[in-house]
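Undergrad: Have a look at this one before I ask anything.
The values are calculated or read from the model by the stated rules, or taken from the named source; none is laboratory data. Bear in mind the structure is a predicted one, so any value in this text is a computation, not a measurement. Cβ placement follows ideal geometry from the backbone for every residue including glycine, while neighbour counts extend to all protein chains displayed.
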Amino acid sequence: MGRPRKTSDSAASPRPAATAPKAGPGAPRSSATSRTAPATGANPTATVPKSGSGRGSAPEEASYSRKPRGAGESAQPRPATASDGRRGGPRKSDGGAVKSPAASGGVNPPPTSDAASKAQGRAKGLPPAPLSPEKVAEVERETRGQWRNPEWHKWRENRITASIAPRISNSKFVNGRTSEVPQSYLKEVVGSGSGVRTPAMNWGVRNEKAAVQAYEALKSSTAKKPVKVKDCGLFVDKDKPWLAGSPDGIVQDAKTGKDLSLLEVKCPYKHRNKTVAEACRDDTFCLEKEGSSYSLKKNHPYYTQVQCQMGVSGLDKTDFVVHTNKETAIAPVDFDPVFWKQTVPKLEKFYTDAVVPYLEEKKNLCAVWANEE
């Protein structure tokens, strides 16, 4: 389902695990909290989750950076969230490959400034200049509800989002090992993917609400203060409007309304009837246990996904939650500016050398971006 930012280490210090009722998905590398919960035998239902969000399906990964900032320091204004702490997505094999229209000569990246560069960008069929903070906020508000909201689908189209960022950044194409564009990734970006929903995806969608509730209870207990999860929509990067992400929510202090972190929830279908500790015995699992805490593996696709979400939203922290029928674990993840700085150029290469040429060939790019102004 890149802009300058505060510095934060990619991994947070482990926190003691706690036990509690059934709650949410995967955890990042740093301290984590967990709770055990009574097993529930919910059956997967055919609902439409946010594409590649990881509700059962795993993204892949990559690396870019910004200026480090201190916790809670505000850098860029953002819509629909009142708060501090703001600054301003798989590696697997590529899908079916086809020669990139830009294989022999890349397309210049999107223009970045005033009206003149904006007009020039349109003439080349490239996206408009950076979005204003007000526009970014407006889009986030209008796309809440995510996959249930038509506006969310509209704004995601032709953008690289956090859910597919891991696969793109680890593809042979962006890493210079082939000139062939992975067509399955391109189709997902331009909105012409298969739309097939797997049992794992449906399981994630069905259990996400319970996972969030379990997280709120567990986090409030371990943080010694009440927290709540606020719904959010799509965050479009104001400087790179072709890049976006949709976290599962914004964690706030229930009393002050201050934004504390992003929330990303995973309900692993494969391990649904195991504790998170048991799931960690699987080498392919997203988390690893360090003493009494859990951390998100840096080489796992989900690490790239949450870094992208922090990159576009301006928040420096994410609570990565893994929820099974038996346990809910929290693994905090900090924004990693070095990793993000290494990743963004790869995503930009895919956009300029694969997405733009494809849309220019279809003769619809200018119209696509013009509709957003």
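Undergrad: I'd like the residue in the range 179-199 that is part of a helix (DSSP H, G or I) and crowded, with 20+ Cβ neighbours inside 10 Å and, out of all such residues, is farthest from the chain's Cα centre (by Cα).
TA: L186
Undergrad: Look through the range 262-301, keep the residues that are within 12 Å of P247 (Cβ to Cβ) and of a type outside the set (D, E), and return whichever of them is surrounded by the most Cβ atoms within 10 Å (Cβ to Cβ). Spell out how you get there, then give the answer.
TA: If we filter the range 262-301 for residues that are within 12 Å of P247 (Cβ to Cβ), which is where we start, we get 262-265.
Next, only the ones that are of a type outside the set (D, E) stay: 262-263, 265.
Details: L262: 27, L263: 28, V265: 31.
Out of the qualifying residues, it is V265.
Undergrad: Among the candidates A329, A354, single out the residue that is under 29 Å from E216 (Cβ atoms) and more than 15 Å from the chain's Cα centre (by Cα).
TA: When all the criteria are applied, what remains is A329.
Undergrad: Ok, one more. I'd like to verify a number: residues in the range 299-320 that are more than 16 Å from S163 (Cα to Cα) and in contact with an Asp or Glu (Cβ under 8 Å, 6 or more places away or on another chain), how many?
TA: So the count comes out to 4.
Undergrad: While we're on this one: Identify, from the list V190, V196, V181, the residue that is more than 18 Å from V306 (Cα to Cα) and touching a Leu at 6+ places or on another chain (Cβ under 8 Å).
TA: V190
Undergrad: Helices (runs of 4 or more DSSP H) wholly in the range 111-167 with at least 1 residues that are surrounded by 14 or more Cβ atoms within 10 Å (Cβ to Cβ) and modelled with pLDDT of 95 or more - which ones?
TA: Working: elements: 115-124, 133-142, 150-156.
Fully inside the range 111-167 and qualifying: 133-142, 150-156.
Undergrad: Which pairs have Cβ atoms under 7 Å, sit 6 or more apart or on different chains, and link a residue in the range 136-147 that is closer than 23 Å to K209 by Cα to one that is surrounded by fewer than 17 Cβ atoms within 10 Å (Cβ to Cβ) and among the polar types (S, T, N, Q)?
TA: T143/N149
Undergrad: Out of K224, K238, which single residue is charged (D, E, K, R), under 30 Å from K349 (Cα atoms) and either more than 19 Å from the chain's Cα centre (by Cα) or surrounded by 19 or more Cβ atoms within 10 Å (Cβ to Cβ) (or both)?
TA: It is K238.
Undergrad: Further, regarding this structure: How many residues does the range 252-292 hold that are outside any loop (DSSP other than H, G, I, E, B) and either over 20 Å from N325 (Cα atoms) or of a type in the set (A, V, I, L, M) (or both)?
TA: 13
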